[in-house]
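Asks: Got a structure here, written out as structure tokens. Questions coming.
The values are calculated or read from the model by the stated rules, or taken from the named source; none is laboratory data. Bear in mind the structure is a predicted one, so any value in this text is a computation, not a measurement. Here the Cβ positions follow ideal geometry from the backbone for every residue, glycine too, while neighbour counts run over all protein chains shown.
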Amino acid sequence: MPTKIIFGDDCVSKNAALFKQYRKIFIVTDKNSAKLSGALDDVLTAANNNNAECMIFDEVNENPLLSVCFDAGKKAHAFKADLIIGIGGGSPLDAAKATAFFASNPNVKMMDIYTPPYENISLPIFAIPTTAGTGSEVNPYAILTLDGKDQKKTFNYIHSYPQAAFLDWKYMKSLPEKMTLSTAVDAFCHCVESYLSPKASPISKTIAADGFKIIFDTIKSAKKSEGYIFDAEIRRNLLLGSLYGGLAINCTGTGFPHPMGYNLTFEYRLPHGFACAVFLGEYLRLNSKANFVMVKEITDRIGASIEEIDAWLYDLHGFRDKPSGDTIEMFVEKAKSAANFKNSQYIIESAEEIKEIYKRIIC
Ligand code: NAP
Ligand code: ZN
């Protein structure tokens, strides 16, 4: 894994020397997270101390649109950027990866991002998460939304690995409770889905198991006290769990709760983590049929049954909408080509079965 992981308090300012070799830094972020979290100030100070010039692109939306990344890439190219820094949740971090690609490949058309081989490798990327959930800072995936389609497609490129990832829990202090929980649950799903992937290795399973355990324990015990979510130890634990999830899916990818969840995000604006969590209980139940032992390893480690984990997740996401039959048909159409359906112990072969799962879980 080529990313240098720097985890700890004030890690950007303590490692400002890493900015030294760059003169023109293009910062990719969304409207508020970089400023609210304090990460932007730290980056600008580090750049300034090294006499680097910065340009800020703060137009990234949640579930980033491919066209916005294309535009950012053009601007970064015109600026002659030599480094892209993504600051924010998974949306700006993923957008930074696409921007770094478009900036070094100025002659490609937008959809060419999905058709390798490419002429040039991406510009180097630094990633600074302000949510603890996606793990995007340590993997090469950029989940982008196709314009006009409400559908996501992954750009997975070996040169999209951030060169450095700076993980400082203080950047999550400003994250509201709901997003803190949704992003934590996203990381929980990454760890569980990674553990059950046929691509899992003993190393990725160890990391994933530490991840789902720390996230479950942290949220379960934290929920007991007022203002819990702003506690430093809780924030640090969740950031660690998110990092573990990112490292684990780096090896394996994710399972079917992800593509099934994308539809709930677009249709109901349900945040990404909660949307995946809606399907995690069913994912565990089906996998238990295919590989009882592996699922038992997970439930034993967590210290809760599948039904208890599902109830815990339901309590957190609280999703209660009931889509119509036509809406379910549309969900299946959008999700069915995802490779994730085969990336678990239990393999889903048909669109009919995806429909049945949607009906069982949310109708
Ligand atoms: P996000 O979409 O990046 O951000 C969600 C919201 O959180 C935004 O409204 C943002 O506010 C706010 N926010 C972020 N940090 C904040 C902070 N420190 N303080 C206050 N507000 C803050 O959320 P996410 O869950 O981290 O990322 C989800 C995206 O990542 C999805 O597109 C998903 O598909 C993708 N994803 C990628 C991977 C991967 O491996 N690459 C894995 C899982 C998910 P503002 O917009 O107002 O600034
Ligand atoms: Zn996710």
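Asks: If only one of Gly261, Gly255, Gly245 is on the phi < 0 side of the Ramachandran plot, touching a Ser or Thr at 6+ places or on another chain (Cβ under 8 Å), buried (at least 21 other Cβ atoms within 10 Å of the Cβ) and in a helix (DSSP H, G or I), which one is it?
Replies: Sole residue among the options that is on the phi < 0 side of the Ramachandran plot, touching a Ser or Thr at 6+ places or on another chain (Cβ under 8 Å), buried (at least 21 other Cβ atoms within 10 Å of the Cβ) and in a helix (DSSP H, G or I): Gly245.
Asks: Just wondering, is there one or more residues in the range 58-65 that are within 14 Å of ligand 1 (Cβ to nearest atom) and of a type in the set (A, V, I, L, M, F, W, C)?
Replies: Looking only at the range 58-65, we keep the residues that are within 14 Å of ligand 1 (Cβ to nearest atom), and these are 58-65.
In the following step, the residues that additionally are of a type in the set (A, V, I, L, M, F, W, C) were identified as 60, 65.
Yes, some residue in the range 58-65 is within 14 Å of ligand 1 (Cβ to nearest atom) and of a type in the set (A, V, I, L, M, F, W, C).
Asks: Which residue is nearest to Gln151 (Cα to Cα), if the candidates are limited to the range 317-363 and must be of a type in the set (S, T, N, Q) and out of contact with any Pro (no Cβ under 9 Å at 6 or more places or on another chain)?
Replies: In the first step, residues of the range 317-363 are kept if they are of a type in the set (S, T, N, Q); the result is 324, 327, 337, 340, 343-345, 350.
So of that shortlist, the ones also out of contact with any Pro (no Cβ under 9 Å at 6 or more places or on another chain) come out as 324, 327, 350.
Numbers: Ser324: 19, Thr327: 14, Ser350: 19 Å.
Only one residue fits best here, namely Thr327.
Asks: As an exercise: evaluate Leu196 against (1) out of contact with any helix residue (DSSP H, G or I) (no Cβ under 8 Å at 6 or more places or on another chain); (2) under 19 Å from Thr252 (Cα atoms) and give the number of the one condition it does not meet.
Replies: (1)
Asks: For residues in the range 308-363 being basic (Lys, Arg) and touching a residue at least 12 places away in the same chain (Cβ under 8 Å), which is farthest from Asn287 (Cα to Cα)? Please lay out each step first, then the result.
Replies: Filtering the range 308-363 down to residues basic (Lys, Arg) leaves 320, 322, 334, 336, 342, 355, 359-360.
Restricting the remaining residues to those that are touching a residue at least 12 places away in the same chain (Cβ under 8 Å) gives 322, 334, 336, 355, 359-360.
Working: Lys322: 25, Lys334: 23, Lys336: 19, Lys355: 17, Lys359: 18, Arg360: 16 Å.
By that ranking, first place goes to Lys322.
Asks: Take the conditions surrounded by 24 or more Cβ atoms within 10 Å (Cβ to Cβ) and either among the small types (Gly, Ala, Ser) or more than 16 Å from ligand 1 (Cβ to nearest atom) (or both) and apply them to Ala164. Does it pass?
Replies: No: the conditions fail for Ala164.
Asks: Now for a different question. Any idea which of Asn15, Asn105, Asn50 is at negative phi and at pLDDT below 95?
Replies: Numbers: Asn15 fails: at pLDDT below 95; Asn105 fails: at pLDDT below 95.
Every option except Asn50 fails the conditions.
Asks: Now for a different question. So which of Ile215, Ile219, Ile298 ends up being of a type in the set (A, V, I, L, M, F, W, C) and free of Cβ contacts under 8 Å to residues at least 40 places away in the same chain? It would help to see each step written out before you state the result.
Replies: Details: Ile219 fails: free of Cβ contacts under 8 Å to residues at least 40 places away in the same chain; Ile298 fails: free of Cβ contacts under 8 Å to residues at least 40 places away in the same chain.
The unique qualifying residue is Ile215.
Asks: Please pick out the residue among Asp30, Asp82 that is over 19 Å from the mean Cα position of the chain (by Cα) and in contact (Cβ under 8 Å) with a residue 24 or more places away in the chain. Lay out the reasoning, then the answer.
Replies: Values: Asp30 fails: over 19 Å from the mean Cα position of the chain (by Cα).
Among Asp30, Asp82, only Asp82 is over 19 Å from the mean Cα position of the chain (by Cα) and in contact (Cβ under 8 Å) with a residue 24 or more places away in the chain.
Asks: Where residues in the range 339-363 are at pLDDT below 95 and outside any helix (DSSP H, G or I), which of them is surrounded by the fewest Cβ atoms within 10 Å (Cβ to Cβ)?
Replies: Restricting to residues being at pLDDT below 95 and outside any helix (DSSP H, G or I), the top hit is Glu349.
Asks: Further question: Kindly provide the set of residues from the range 1-33 that are touching a strand residue (DSSP E or B) at 6+ places or on another chain (Cβ under 9 Å) and in a helix (DSSP H, G or I), ordered by number.
Replies: Those that are touching a strand residue (DSSP E or B) at 6+ places or on another chain (Cβ under 9 Å) and in a helix (DSSP H, G or I): Cys11, Val12, Lys14, Leu18, Phe19, Ser33.
Asks: Tally the residues that are free of Cβ contacts under 8 Å to residues at least 60 places away in the same chain and either in a strand (DSSP E or B) or within 16 Å of ligand 2 (Cβ to nearest atom) (or both), restricting the search to the range 34-68.
Replies: 6
Asks: Same structure again: Might you check whether a residue that is of a type outside the set (Gly, Ala, Ser), within 16 Å of ligand 2 (Cβ to nearest atom) and either crowded, with 24+ Cβ neighbours inside 10 Å or farther than 20 Å from Asn250 by Cα (or both) occurs anywhere in the range 108-120? Walk me through how you get there before you give the answer.
Replies: Initial filter on the range 108-120 (of a type outside the set (Gly, Ala, Ser)): 108-120.
Next, only the ones that are within 16 Å of ligand 2 (Cβ to nearest atom) stay: none.
Checked against the condition, which is being of a type outside the set (Gly, Ala, Ser), within 16 Å of ligand 2 (Cβ to nearest atom) and either crowded, with 24+ Cβ neighbours inside 10 Å or farther than 20 Å from Asn250 by Cα (or both), the range 108-120 yields no hits at all.
Asks: Now for a separate question. Looking at (1) away from ligand 2 (no atom under 16 Å from the Cβ); (2) in contact (Cβ under 8 Å) with a residue 60 or more places away in the chain, find the lone condition where Pro92 falls short.
Replies: Here Pro92 clears every test but (1).
Asks: Return a yes/no flag: does the range 274-294 have any residue that is touching a strand residue (DSSP E or B) at 6+ places or on another chain (Cβ under 7 Å), under 30 Å from Glu329 (Cα atoms) and buried (at least 21 other Cβ atoms within 10 Å of the Cβ).
Replies: Here is the first cut: in the range 274-294, the ones touching a strand residue (DSSP E or B) at 6+ places or on another chain (Cβ under 7 Å) are none.
Checking the range 274-294: not a single residue is touching a strand residue (DSSP E or B) at 6+ places or on another chain (Cβ under 7 Å), under 30 Å from Glu329 (Cα atoms) and buried (at least 21 other Cβ atoms within 10 Å of the Cβ).
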